[in-house]
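Quick notes on the structure that follows.
The values are calculated or read from the model by the stated rules, or taken from the named source; none is laboratory data. Fair warning: this is a prediction, and the values are worked out from it, not measured in the lab. When we count neighbours, we look across all protein chains shown, and the Cβ atoms used for this are built from the backbone with ideal geometry, even at glycine. We work out accessible area using only protein heavy atoms, side chains counted, and drop any ligands, DNA or RNA first. Shrake-Rupley method; radii C 1.70, N 1.55, O 1.52, S 1.80 Å.
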Amino acid sequence: MKNTLVLHKSALKTKSLVALAAIAAAVALPQVFHFLGVLSGIASPSGIGATFLPMHIPVFIAAFMAGPAVGLIAGVMSPLVSYGFTMLAFGTAMPALALLPFMMLELAGYGFAAGLLSKAKTPMLLNLVIAQAAGRALRTAAVLVAVFILGINNPPSAVSTIWTTITIGLPGIMLQWALIPLFIHRFKKS
């Protein structure tokens, strides 16, 4: 009984550390990408983040490593902490307040779905693609609810916004396909 309690405490501590590390990385990585974007003159600071989706990577990794609860927590908290940190540190929030609830839902969907698939016997890339689709579907549903039920925006721009976020983020999606399965494979191997 005592050994079981020690194991549960150890697992909880490990999962908590993974969640905190994912949140910290999900706040730091976008800042690195934004800084590189400004330095290179390639795009506006928010444009390079929307292209490479750096906040998504730590959430997916945490979820695949530690399960759905950790993925959900990291997904919800990462944009929220990033918003607060960037507002306090720079006076400009990233993500913008209008995008914050949608990003929180999207990343929560990614984290929860990836966590559920973390033990699946299917190929890692397939699990990642399914989790990506789940997060995008959740964000799309939230945007459609905001537009058609709450009347927050006009429908044509909402639909184009959904499609635009996917097409702009294709480099980031491909980066996730390359990095995340490799990272998880190395993690499981060690």
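Of the solvent-accessible surface of the chain, computed with a 1.4 Å probe and all protein chains present, 78% belongs to carbon and sulfur.
Between Phe90 and Trp163, what length in nm is gained on full extension when 0.36 nm per residue of separation is reduced by their alpha carbon distance?
Extra length available between Phe90 and Trp163 comes to 23.3 nm.
Surface exposure of the range 63-112, expressed per residue as accessible area with a 1.4 Å probe, stands at 43 Å². Amide H to amide H, with H built 1.01 Å from N, Met94 comes under 5 Å of Thr86, Met87, counting only residues 5 or more places away or on other chains.
Backbone N atoms of the range 71-87 closer than 18 Å to the 7 Å Cα→Cβ label point of Leu97 belong to residues 79-87. Counting lysine pairs in the chain whose alpha carbons fall under 25 angstrom apart, excluding pairs fewer than 8 residues apart on the same chain, gives 16. Taking Leu144, Leu88, Leu36 in turn, the Gaussian network model of the chain (Cα-Cα springs below 10 Å) assigns the largest fluctuation to Leu88.
Comparing Val59, Val27, Val145, which has the greatest mean-square fluctuation in the GNM of the chain with Cα pairs linked when under 10 Å apart? Among Val59, Val27, Val145, the largest GNM mean-square fluctuation belongs to Val145. One chain, two ends: Val81 and Ala178. Fully extended at 0.36 nm per residue, the span grows by 32.3 nm beyond their Cα-Cα distance. For the chain, complete DSSP H runs whose alpha carbons reach 18 Å or more along their own long axis and whose mean Kyte-Doolittle score is -1.0 or higher are 2-40, 68-90, 100-117, 124-144, 155-168, 170-189. The alpha carbon centroids of the range 110-150 and the range 10-63 are separated by 18 Å.
Run lengths n ≥ 4 of DSSP H only: what is the helix-derived mean residue ellipticity at 222 nm for the chain, with -39500 (n - 2.57) per run over all residues, to the nearest 500?
Numbers: 8 runs with 154 residues, N = 190.
Here the helix-only value at 222 nm equals -27500 deg cm²/dmol.
Computed from label points 7 Å out along Cα-Cβ, the spacing between His185 and Leu20 is 3.2 nm. In the set (1) 9.9; (2) 11.6; (3) 12.8, the label that goes with mean projected area of the Cα convex hull in nm² computed for this structure is (3).
Within 10 Å, at most 15 other Cβ atoms, and a DSSP state outside H, G, I, E, B define an exposed site. Report the longest part of the chain free of exposed trypsin sites (Lys or Arg not before Pro).
Working: sites that count: Lys119, Lys121.
By the stated rule (loop sites, at most 15 other Cβ atoms within 10 Å), 1-118.
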